[in-house]
Amino acid sequence: MTEPLAPYGGAGLAIAVRDLAKSFGTRRVLDGVDVDFAPGAVTALLGPNGAGKTTLLKALLGLVRPSAGSLRIGGAEPDDAGGLRRLVGYMPQLPHFPPHMTVRELASMLDDLRDFDGHPDEELVDALGLRGELDQPFRTLSGGTRQKVNAALAFRYDAPVLVLDEPTAGLDPAASLALKEKIRRCRAEGRTVVVTSHNLGDLDTMADAVVFLLDGRVRFHGSLADLLAETRSDTLEEAIAAITSGPSPASTGASRGDAGGVTAEGTGDGDAERRRRTDRDASPERPRVEIVR
Amino acid sequence: MHTLPLLATLLFAPMVAGRPAPPVDRLDLPAPVDTLVVATGGPWRTVGDAVRAAPRGAVVIVEAGTRREPTLVLDKPLTLVGRPGAVLDGEGERGLIRITADSVTVEGFTLRRTGLSYTDDRAAVLVDRARFCALRGLRLEDTFFGIYLANAGDCLVEDNTLAGASERETRSGNGIHLWYSTRVTIRNNDVRGHRDGIYFEFVEDSRILDNVSRGNVRYGLHFMFSDGCAYRRNVFSDNGAGVAVMYTSEVVMDGNDFRGNLGNAAFGLLLKDITDSEIVNNRFRANSVGIHAEGANRVRVAGNDFVGNGWAVKIMANSEDSEVTGNNFVGNSFDIATNSRRSYSAFTGNFWDRYRGYDRNGDGVGDVPFHPVRLFSLVVAQNEPALVLQRSPLVALLDLAEQVLPVLTPESLADEAPHLSPFATVWSSER
Amino acid sequence: MNTALKVFRYQVRDLARSRAIAGYAAFLLLATAGLLHFGGGPARALPSLATVVVLVVPLVSLLVSTSFVYHGNDFIELLLAHPVGRRPLFAGMYLGLALPLAAAFVLGAGIPLAVGGALASHAGAVALLGVAGVLLTTAFTSLGFLVALRVREAASGLGLALVLWLGRAVIYDGGVLLGAYGWAAYPLEVPMLVSMALNPVDVARVLVVMALDASAMMGYTGAVFQDFFGGPVGVALALACLGAWTLLPGLAARYTFVRKDF
C-alpha cells in the first residue's frame, strides 16, 4: 500500500480510501479498496467494464454510499449535508442536463445552490468555445457541446479536488487537447485529480499514477512505466490484458464473465507514442510501484 | 279554497243573533251590545266569568295579561278574542279551551303550558263534536296536543303558530290533530316540535294548505283513512320521518316541498296503500328517500322535482298501475329502487340526469330507453355496508354493464322516452 | 435562502416550461368546462367531475411524479455532485412537483366552476372536491416518488405505477365488494370504513360521497356510518387519512432517497 502523500503546495487535498466496499444487492462492486489519491498529481483509474471505477468516483462524491470502509478527503468524511462536495469538482459520465434550461441558467442555478459569490473559473468556457452557446437551452445542444459544458462546470468552482469520469469522451480533438491542458494546469497548481478514461491516450499525456481496478479491488497502483515493467508488457493493452486474464495474484475466485472485457478500446489517437511514453517528470512524487496482492 | 272560511262564516252567522252578523273581518270593530271586555278593573274578573255571562253570539275580548284559570268551556256560539299580550296559562295542569258548541271563533291568544297527560287528550284547544269553528292567529307554546279536532266539521284552522317542546315522541302530542272530522281547512299554520305536525285520521273532504310543518319528532303530516282530502303548497322539512300518507284513496298532493327528512326510516313521503291519488308539482329535496311507495295503486306522480335525495323513489312490487312521468330526477344517489325484477308501473317521459343516451331526430326525447334502477341499488339492498362504494369507478363499471345488458335489474322498469332536458316545473325558478 | 426553497423554485420554473403541467391543467379546464356546459349545469357536472377527480388525479400524479423522478435522475445526480444536502433536495423536488400539480388541479377544475357559478351555488361540495383532489395529488405524488426511487428500472417502475393505480382505483373496490358479500353475516361497518382508510382513492371518494350523497348515507341504518358521514368527524378523519397517505409514502420515499446510490 502506498504511503499517504503530503499535500502539494497546500492547494490540493489528499484522498484516502480505506477498505471501501460496496454491494448492489448480491453483486460486490467494490471489495475492500485501499487507495490514496495524491494532491498535485493526476491519478488515472483504469479497469475493465464493471471493475468499479465509476462506483469508486461516485463514492468520493457521496453519490454512492459505501457498504463498508471509510473515505476521507483532506481528512474529513463525507456527510449527509454534502458539505465536503464543496471541495470537489465533478465531471460525470454522460450528464443529462435539464432540457429547457440554458447553459447560463444552469450555471447561475449551481452558483446559487452553492451560495457561490466568488469569481467562477471560466477559462474552459472560452477554451472550449462555449461563449456563443451560453443562452442556448440544452435540448438544442449537441452531445459534444453538452460534454464541453460538463467539463466547464466541473472546473467552475476552483475545487481543490477534481473527479473526472471519462472527461474526453465525445469531445473533438481540439476540445480534448484544451481540456487536457486545463487538467495539467490544475496538477501544476497542486490540485488532486482523479480521472477515468477509456482513452489511453489521455493517460499517457496526463497521468502521474495509474490505479488499476479489477473485480472491485485495486490490482495495481503505480506509474505507467512500472505497470509495463511489472507485467512485462510493451503496451498498456498488453499490461491490462495480463492483469485481467492472467492468473490473478489476488483473485477472489469470483472472476466474472465480463471481466475479460478490457477497457482499452483506444480511440486511436497517438497509440504508438503513448506506449513508449515513460516520462513522469511532471509528477511531483512518484508513487511506489506495487502489485497489490 | 279561500271561499271556505267565508262560507263557514256565512253559514253560522244567521244562527248567532238572528240578524245579519258582521263579517269575520270586522270582529275587531266595536259591536257595543254583545261585546264583553275582560280587563283589570273591569266587570269580569276571569275570562270564565265573562264567557258564562255572555249571551249567544257575543264577542268576548280579553286584554293583555297572563291568566291562569280552569279550562274554558265554550258551549255556545261565541267569539273569543285575545288582544296582543293576552295569555292563557295552563300551568302544566290542564287544557286551555274546550269547544263543545257550533260557531265558536277563537283568535289572537297565546296559549301555553298544558302539561302532558296520557289519560285525556290534553290540548291547548280541543274541539269536541262542534261545527263551524274558526281558530286563528293563536300562538301555542309548550303544549301537549296543540289544536285537537274530534268529530268536528266545517272548521277553519288558520294562521296559527304551534311550537311544541317535544324532545321525545312519547312526551309530545300532535300539533294539529283531526279525528273523524269533515270539511276542515288547515291553512297557513306553522307547526314544529310536536310528535306529528299535522295528524289526520278518518277525515274527509278537508284541505291542508300553505302550512309549514318542520322539526317534528315523527311525521310532518300523518295522514290515514282520509279519503278525498288534498294538501297543497305546504313545506314539510326536517321531520323525523317525513310525511306518511296511508290507507286512503283520492288524495291530492300538490305543490308541496318535502325536504331534509333524513334518517334510516325517514322519507319525504311514505305512501302505504294509496289508490287513485295524485302527487303533482311537488319538490323532494335532500331526503334520505323521496317517495317510498308500498301498495300505491293508480297513483300519478307527475311534474315533481326530485333533487339530491338518497333514493328519489323506492317503489315496492305491490304497487300497480301507477305512473311516474314528467318529473325531473337530478343529483339523487339512486333514482329508482325496487324489490322486484318486474315493474307494474310506468316510468316513461321523465328527465334523468344520469341518462347518457342520444337524440338523433332532435325531438328532445332520447332514442334509447333509460333504466333508472342501478345494479348498485340492488347490491346495497342486499348488503348495506357496500354503500361506501358509491361513486367507485368499479361500481360505475358494474352499473354500465347492467345498463347495457340488464340481468339483475328489472328490464321492464324503463323509461322508453327519457327527456334530454329538464322539465319546467313550479320549482324551476328556484333551481 | 435555504436549499429546499431554491430547488423548489428552480423546479417550478423548469416545470412551467415543460408544458406537462400546463397540459394537465388545460385538460382539466376543458373537461370541467365541457361537463358544465354540455352536462347541464353544476348539479349534473359535479358527480361527473368527482369521477374524473377520483380516476384522473391519481393517475396523472402517479405517472407524472414517477416519470419525473426517472427523467430527473441524472439531473439529481448532477445536483448531488454539488454541496446540496439530500433532504433539502428531496423536499424541494417533492414540493416543486406536488404543488404545481395541485395548483394545476385547483386552477384547471376551479376556474370553470367559479366562472360557471358552481362555486357559489355548491360551495360545500366544491370545497370538499377541491380538498380531496389536492390531497389525492400529494398522496399519489408521494407514492410515485416512492415507486420511482425503489424501482431502478424506469419501464418496470412506470408499469408498477400503472398497476398501482388500477389496483387502487378499481380492483381494490372489487375486493372490498367481494369481502362485503363474503362476510355479509357479520357487522361490517367498521371493517368497511377501515378498508376505505387503507386506500387513498377510497378516502378521497368517501369525501366526495359526503359532499354529494349525504342524503343516502343518512338513510343508512347503522350508527357508525351515521356518525361518520353525518358530520365533521368523518370529514376530519378522512382528511387525516389522506394526510397520512401523503406523509407516510413521502417519508418512505425520502428515506429511500437519502440512502440511494446514484
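The values are calculated or read from the model by the stated rules, or taken from the named source; none is laboratory data. Nothing here was measured: the structure is a model prediction, and the numbers come from that model. For neighbour counting, all protein chains shown are included, and Cβ atoms are generated from backbone atoms with ideal geometry for every residue, glycine included. Ligands, DNA and RNA are stripped out before the accessible areas are found, and what is left, the full protein with its side chains, is counted by its heavy atoms. Shrake-Rupley method; radii C 1.70, N 1.55, O 1.52, S 1.80 Å.
Among the residues of the range C:148-175, those identified as under 23 Å from the mean Cα position of the chain (by Cα), over 21 Å from C:GLY250 (Cβ atoms) and free of Cβ contacts under 8 Å to residues at least 24 places away in the same chain are C:ALA155, C:SER156, C:GLY159, C:LEU166, C:VAL170, C:ILE171, C:GLY174, C:GLY175.
Within the range A:76-94, restricting attention to residues that are more than 7 Å from every other protein chain (Cβ to nearest Cβ) and open to solvent by 50 Å² or more (accessible area, probe 1.4 Å), the residue that is nearest to the chain's Cα centre (by Cα) is A:GLN93.
Considering the range B:261-276 alone, what residues qualify as being more than 15 Å from B:TRP311 (Cβ to Cβ) and either touching an Asp or Glu at 6+ places or on another chain (Cβ under 6 Å) or within 14 Å of chain C (Cβ to nearest Cβ) (or both)? Selection gives B:LYS272, B:ASP276. I'm trying to understand the selection: among the residues of the range B:282-320, which are at pLDDT 95 or above, surrounded by fewer than 24 Cβ atoms within 10 Å (Cβ to Cβ) and either among the hydrophobic types (A, V, I, L, M, F, W, C) or in a loop (DSSP other than H, G, I, E, B) (or both)? Within the range B:282-320, B:ALA302, B:GLY303 qualify.
Restricting B:GLU411, B:GLU430, B:GLU416 to residues that are among the acidic types (Asp, Glu) and within 14 Å of chain C (Cβ to nearest Cβ) narrows the list to B:GLU430.
Candidates are the residues of the range C:66-112 that are among the aromatic types (Phe, Trp, Tyr) and within 12 Å of chain A (Cβ to nearest Cβ); the one that is nearest to C:THR32 (Cα to Cα) is C:PHE68. Applying the condition of being touching a residue at least 40 places away in the same chain (Cβ under 8 Å) and of a type in the set (Asp, Glu) to the range B:114-163 and asking which residue is most open to solvent (accessible area, probe 1.4 Å) yields B:ASP121. Across the range B:241-253, the number of residues qualifying as surrounded by 19 or more Cβ atoms within 10 Å (Cβ to Cβ) and under 17 Å from B:PHE284 (Cα atoms) comes to 6. C:TYR172 meets the conditions (1) closer than 26 Å to B:GLY242 by Cα; (2) in a helix (DSSP H, G or I); (3) hydroxyl-bearing (Ser, Thr, Tyr); (4) open to solvent by 30 Å² or more (accessible area, probe 1.4 Å) in every case but one. The failed one is (1). Of the residues making up the range B:116-135, not a single one is within 20 Å of B:ASP102 (Cβ to Cβ), assigned to a strand (DSSP E or B), within 20 Å of the chain's Cα centre (by Cα) and of a type in the set (Lys, Arg). Number of residues in the range C:181-210 that are open to solvent by 30 Å² or more (accessible area, probe 1.4 Å) and either in a loop (DSSP other than H, G, I, E, B) or in contact with a Ser or Thr (Cβ under 6 Å, 6 or more places away or on another chain) (or both): the value is 6. Kindly check whether there is at least one residue in the range C:182-195 that is at the interface with chain B (Cβ under 7 Å from one of its Cβ atoms), aliphatic (A, V, I, L, M) and under 24 Å from B:ASP335 (Cα atoms). Checked the range C:182-195: no residue is at the interface with chain B (Cβ under 7 Å from one of its Cβ atoms), aliphatic (A, V, I, L, M) and under 24 Å from B:ASP335 (Cα atoms).
Test each condition in (1) surrounded by fewer than 22 Cβ atoms within 10 Å (Cβ to Cβ); (2) away from chain C (no Cβ under 13 Å) for B:ILE336 and report the one that comes out false. Failed condition: (1). Considered as a group, the residues in the range C:17-47 that are of a type outside the set (D, E, K, R) and modelled with pLDDT under 80 include one that is most open to solvent (accessible area, probe 1.4 Å), and that residue is C:PHE38. The residue that is farthest from the other protein chains (Cβ to nearest Cβ), counting only those in the range A:95-104 that are in contact (Cβ under 8 Å) with a residue 12 or more places away in the chain and surrounded by fewer than 23 Cβ atoms within 10 Å (Cβ to Cβ), is A:ARG104. Within the range A:37-54, no residue satisfies the criterion of being over 17 Å from A:ASP202 (Cβ atoms) and either assigned by TED's automatic domain parsing to the domain that holds A:SER245 or modelled with pLDDT of 90 or more (or both). From the residues in the range A:166-215 that are touching a Lys or Arg at 6+ places or on another chain (Cβ under 8 Å) and among the acidic types (Asp, Glu), which one is surrounded by the most Cβ atoms within 10 Å (Cβ to Cβ)? In this case the residue turns out to be A:ASP202. Scanning the range A:229-241 for residues that are surrounded by fewer than 21 Cβ atoms within 10 Å (Cβ to Cβ), among the hydrophobic types (A, V, I, L, M, F, W, C) and in contact (Cβ under 8 Å) with a residue 24 or more places away in the chain turns up just one, A:ALA229. Looking only at residues of the range C:196-217 that are more than 9 Å from every other protein chain (Cβ to nearest Cβ) and modelled with pLDDT of 90 or more, we find that the one that is farthest from C:LEU62 (Cα to Cα) is C:ALA197.
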